[in-house]
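The values are calculated or read from the model by the stated rules, or taken from the named source; none is laboratory data. Every value quoted in this text rests on a predicted model; they were computed, and no experiment measured them. Don't worry about glycine lacking a Cβ; one is built from the backbone with ideal geometry, like all the others, and counts go over all protein chains shown. Areas reflect the complete protein model, heavy atoms only, side chains present, ligands, DNA and RNA absent. Shrake-Rupley method; radii C 1.70, N 1.55, O 1.52, S 1.80 Å.
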Amino acid sequence: MRFPIVSAALLAALAGTAAAQPVTVDGQRDALYGDAKWVQANPTQFGDNQPVPFDTASVSTGIEVKIPLSVLGGATQVKLVAFVNAGCNCFLSNQVLGSLSGQLGNLGGPGGVNFETLAGTQTVTIDLNSLPVFTPTLDGFRDGSYTSALALQTNFTQFGDSTAGTPTGGGGSELDNLHAAIDTAGGNLVLFIGGNLEANGNSLDLFLDFATGGDTVLQSGGVYGQGRLNNMAGLTFENGFGADFYVGINGNGTDIYVDAGVVTAGGTGWYVGYSSGYGTPTGFTPGDSGAPLIIPAVDNSNIAGVTSAPPVASPDFASGSEFDNVHARKWGKWLLLFIGGNLESNYNHADVFLDVAPGGQHSISAFNMDVDYNALNKQGLGGDGYGCPGLTFDNSLDWGDFAADYFLSCGTNGTEMYANAALMRTDGVATDGGGNNLDYGGYDGGVKAENNPITFDGFFNGNENLGLVGSGTNIYTSYAPRTAGLNNLIEPYGSVPPVGVPDLIHFSIDNSNVGGVTGSTADYAAAAAVDTGLEWAIDLSEAGWKPANLGEVHPIIKIAGYINASSHQFMSNQVIGGLPEGWGNLGEPCLVDFSAIEGDQFVVLCPADVDGTGFVDTDDYDYFVQRFELGEDEADFDASGFVDTDDFDAFVRCYERGC
């Protein structure tokens with residue numbers, strides 16, 4: 001094949017031009033990607049992400065509690081903050097009244113929560129003089145004489161959506177609405193909070209502000225008399241709220257317990273007692289002597305109100321996982337990969353494998369480095385603990401065996417987002433012969449708002465993460481792992497300090513998709529149209545791709561992957577390349593043999609297809625020469641980081657091979 005002549009002078013002048021990243025990695029498909037490499041033809045069995053509008057005002061069962069007016073010291077106005085907390089009082093849910101704004105996920109450790117920095121108002125003001133006065137039946141059911149709602153939930157729940165429909169309930173906690181009244185019979189403030197309080201020890205924490213002063217930040221050092229309260233040190237309330245009193249309610253399915261405390265250093269705290277039974281209590285057993293008589297009732301029958309899915313499409317949260325399409329492009333030194341779809345915000349994982357060089361693992365071995373809690377070895381030989389053969393990738397008459405050289409994985413809970421990376425050597429992880437790994441397990445991420453995109457810049461939680469050989473069997477980094485580990489391979493091992501290079505991998509996810517496949521249908525046009533999902537940009541040298549030398553077969557790029565459970569031990573039916581029509585979830589990954597399944601469970605990217613049309617033809621040659629003559633970054637064909645004559649030679653060899 002003959003090619004137009006490009007002058008030697010031009011080639012020499014172009015040497016040394018650095019190559020930059022071509023796209024903003026944000027989980028949104030750019031036009032640069034061109035046509036899809038594959039479109040999904042199977043409905044998802046890992047849930048279909050659909051917004052679920054909810055009605056919180058009508059919820060009429062939940063948590064009811066009587067608080068003596070004497071606790072409030074004659075106040076005529078009370079400010080209230082209420083939220084669901086884990087049983088240890090050490091992990092805040094996203095169920096807060098007043099409501100969080102903007103579809104936020106669980107808030108996490110109390111010490112890191114600052115309500116003042118969150119959108120919306122998390123404080124409810126109650127005018128005691130305006131409350132209806134009657135004698136409610138304390139049974140967890142909202143009587144008709146309560147006030148109209150003082151607060152309504154607008155945020156979905158990440159503490160489970162109960163569907164049991166029984167007073168004991170099960171499987172979820174949510175705070176849907178707030179009502180109040182004055183109990184004439186006993187001189188109590190009675191609060192009704194519609195929703196559910198899971199009978200697993202989850203705590204409904206109530207903070208009351210009714211006097212001057214009060215703590216705006218919960219203190220540390222165990223200064224409060226109430227034990228549960230001491231576990232929330234560091235929590236910061238909104239401006240204008242100073243907590244004076246605390247009430248905590250939790251249940252175990254049989255009894256409902258109450259704790260209370262004065263929120264001040266050296267304040268008195270009490271175990272108040274417990275109500276027997278759900279619904280109408282059969283009795284109340286007092287606890288500490290002198291404790292105020294705060295009596296709860298819980299009816300968990302609610303199956304309405306908020307759900308575990310946001311009521312509107314969200315770039316952060318999804319209630320299901322699906323792979324709708326795959327787009328990929330080699331752009332200079334970068335592999336750009338876009339997978340349209342969703343990844344459920346429960347830490348389901350997208351596990352992606354690259355075959356970019358000779359060698360690699362056709363079946364996942366038992367000797368890979370630890371990454372994401374041993375994700376690779378769980379899917380490898382013996383990964384189930386019972387001698388399973390290890391996941392075997394596909395083979396193809398056209399493209400040969402798929403043998404993975406590089407692993408990428410990601411997961412999110414909606415609020416946080418993480419990505420992992422690892423190289424997959426043919427014989428497993430490189431070691432020093434003394435039990436110490438030389439290859440890194442790579443990870444990066446954190447709070448999505450602060451890590452979008454994830455860039456593998458080497459820092460995790462503000463600290464550089466670059467382990468040293470000999471510091472442990474497994475070593476980890478938040479840089480791209482192959483490049484960071486190059487110096488570790490120099491003998492004597494560990495003698496040359498490792499050097500991390502930032503920004504060799506970028507990742508993001510946009511979970512806004514509500515189209516594509518469903519749980520029962522797979523429409524080609526709908527799946528092909530999905531333009532939000534998961535997106536990576538990977539430096540090809542980091543991945544291990546190299547242009548062929550003279551006489552070698554130029555390597556194509558093959559991409560495989562699937563959606564996996566959070567443990568990496570249950571594979572969905574959402575597989576790149578597709579499963580035969582009607583196939584369900586594949587289950588334990590280390591038992592899966594893609595070579596025994598009809599079709600190709602991978603997609604192919606031809607490096608010489610530089611114009612992204614899906615074909616290698618004369619248009620690609622013209623396209624490359626034009627960019628090469630202009631010295632553009634896209635002409636860095638050999639992924640060296642520079643545009644020079646080697647790129648032209650590498651492209652020509654690849655072009656002559658075709659695909």
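Restricting attention to segment 105-133, which residues are open to solvent by 50 Å² or more (accessible area, probe 1.4 Å), among the hydrophobic types (A, V, I, L, M, F, W, C) and assigned to a loop (DSSP other than H, G, I, E, B)? Scanning segment 105-133 gives a single hit, 119. Filter segment 134-178 down to residues that are of a type in the set (Asp, Glu) and part of a loop (DSSP other than H, G, I, E, B) and give me whichever is nearest to residue 59 (Cα to Cα). Checking each candidate, the answer is 143.
Can you find, within segment 399-442, the residue that is surrounded by the fewest Cβ atoms within 10 Å (Cβ to Cβ) among those that are part of a loop (DSSP other than H, G, I, E, B) and touching a His at 6+ places or on another chain (Cβ under 8 Å)?
Per the criteria, the residue is 401.
Against the condition open to solvent by less than 10 Å² (accessible area, probe 1.4 Å), farther than 30 Å from residue 93 by Cα, at pLDDT 95 or above and of a type outside the set (S, T, N, Q), how does residue 380 come out, does it pass? So residue 380 passes the test. Would you be able to say whether some residue in segment 485-493 is in contact with a helix residue (DSSP H, G or I) (Cβ under 9 Å, 6 or more places away or on another chain), of a type outside the set (D, E, K, R) and either without any contact (Cβ under 8 Å) to a residue 24 or more places away in the chain or within 19 Å of residue 354 (Cα to Cα) (or both)? Within segment 485-493 (the criterion being in contact with a helix residue (DSSP H, G or I) (Cβ under 9 Å, 6 or more places away or on another chain), of a type outside the set (D, E, K, R) and either without any contact (Cβ under 8 Å) to a residue 24 or more places away in the chain or within 19 Å of residue 354 (Cα to Cα) (or both)), the answer is no, since none of the residues qualifies. Scanning segment 628-659 for residues that are of a type in the set (D, E, K, R) and either open to solvent by 50 Å² or more (accessible area, probe 1.4 Å) or touching a residue at least 24 places away in the same chain (Cβ under 8 Å) (or both) turns up 629, 632, 633, 634, 636, 638, 644, 646, 649, 653, 656, 657.
Considering only residues in segment 193-221 that are outside any loop (DSSP other than H, G, I, E, B) and of a type in the set (A, V, I, L, M), the one that is most open to solvent (accessible area, probe 1.4 Å) turns out to be 217. When restricted to residues that are assigned to a strand (DSSP E or B), in contact with a strand residue (DSSP E or B) (Cβ under 7 Å, 6 or more places away or on another chain) and open to solvent by 30 Å² or more (accessible area, probe 1.4 Å), segment 325-377 contains 1.
Counting only residues that are of a type in the set (Asp, Glu) and at pLDDT 95 or above, which one in segment 524-577 is most open to solvent (accessible area, probe 1.4 Å)? Per the criteria, the residue is 531. Reported count of residues in segment 52-61, each being over 15 Å from residue 124 (Cβ atoms) and either open to solvent by less than 40 Å² (accessible area, probe 1.4 Å) or of a type in the set (S, T, N, Q) (or both), is 4. Is it the case that segment 608-622 has a residue that's of a type in the set (D, E, K, R) and within 25 Å of residue 320 (Cα to Cα)? No: zero hits.
When residue 173 is tested against (1) buried (at least 24 other Cβ atoms within 10 Å of the Cβ); (2) out of contact with any Phe, Trp or Tyr (no Cβ under 9 Å at 6 or more places or on another chain); (3) modelled with pLDDT of 95 or more; (4) within 30 Å of residue 314 (Cβ to Cβ), exactly one condition is not met: (2).
Is it the case that residue 300 is in contact (Cβ under 8 Å) with a residue 60 or more places away in the chain, crowded, with 20+ Cβ neighbours inside 10 Å and not in a strand (DSSP E or B)? Against the criterion (in contact (Cβ under 8 Å) with a residue 60 or more places away in the chain, crowded, with 20+ Cβ neighbours inside 10 Å and not in a strand (DSSP E or B)), residue 300 qualifies. Could you check segment 383-398 and list, in sequence order, the residues that are of a type in the set (A, V, I, L, M, F, W, C) and open to solvent by less than 30 Å² (accessible area, probe 1.4 Å)? Across segment 383-398, the qualifying residues are 388, 391, 393. When 257, 246, 224 are checked against the criterion of being open to solvent by 30 Å² or more (accessible area, probe 1.4 Å) and closer than 15 Å to residue 269 by Cα, a single residue qualifies: 257. For segment 62-82, the set of residues classified as assigned to a loop (DSSP other than H, G, I, E, B) and open to solvent by less than 30 Å² (accessible area, probe 1.4 Å) consists of 75 only. I'm checking my understanding of the structure. Among residues of segment 263-281 that are part of a strand (DSSP E or B) and touching a helix residue (DSSP H, G or I) at 6+ places or on another chain (Cβ under 9 Å), which one is surrounded by the fewest Cβ atoms within 10 Å (Cβ to Cβ)? Filtering segment 263-281 for residues that are part of a strand (DSSP E or B) and touching a helix residue (DSSP H, G or I) at 6+ places or on another chain (Cβ under 9 Å), the one surrounded by the fewest Cβ atoms within 10 Å (Cβ to Cβ) comes out as 271.
Residues of segment 617-627 being buried (at least 16 other Cβ atoms within 10 Å of the Cβ) and under 18 Å from residue 32 (Cβ atoms), which ones? Reasoning before the result, please.
Initially, segment 617-627 is screened for residues buried (at least 16 other Cβ atoms within 10 Å of the Cβ), giving 620-621, 623-625, 627.
Passing the criteria: 620, 623, 624, 627.
Counting only residues that are part of a loop (DSSP other than H, G, I, E, B), open to solvent by less than 70 Å² (accessible area, probe 1.4 Å) and over 15 Å from residue 372 (Cα atoms), which one in segment 466-489 is modelled with the lowest pLDDT? Only one residue fits best here, namely 472.
Pick from 494, 445, 458: which is open to solvent by less than 20 Å² (accessible area, probe 1.4 Å) and over 23 Å from residue 333 (Cβ atoms)?
On the way: 494 fails: open to solvent by less than 20 Å² (accessible area, probe 1.4 Å); 458 fails: over 23 Å from residue 333 (Cβ atoms).
Of the residues listed, the single one that is open to solvent by less than 20 Å² (accessible area, probe 1.4 Å) and over 23 Å from residue 333 (Cβ atoms) is 445.
Exactly one residue among 610, 604 is within 19 Å of residue 538 (Cα to Cα), under 32 Å from the mean Cα position of the chain (by Cα) and not acidic (Asp, Glu), and that residue is 604.
Being at negative phi, at pLDDT below 95 and under 24 Å from the mean Cα position of the chain (by Cα) holds for only one residue in 103, 158, 95, and it is 158. Scan segment 83-97 for residues that are touching a residue at least 60 places away in the same chain (Cβ under 8 Å) and part of a loop (DSSP other than H, G, I, E, B) and the total you get is 5. Summed over segment 227-243, residues that are part of a strand (DSSP E or B) and surrounded by 21 or more Cβ atoms within 10 Å (Cβ to Cβ) total 1.
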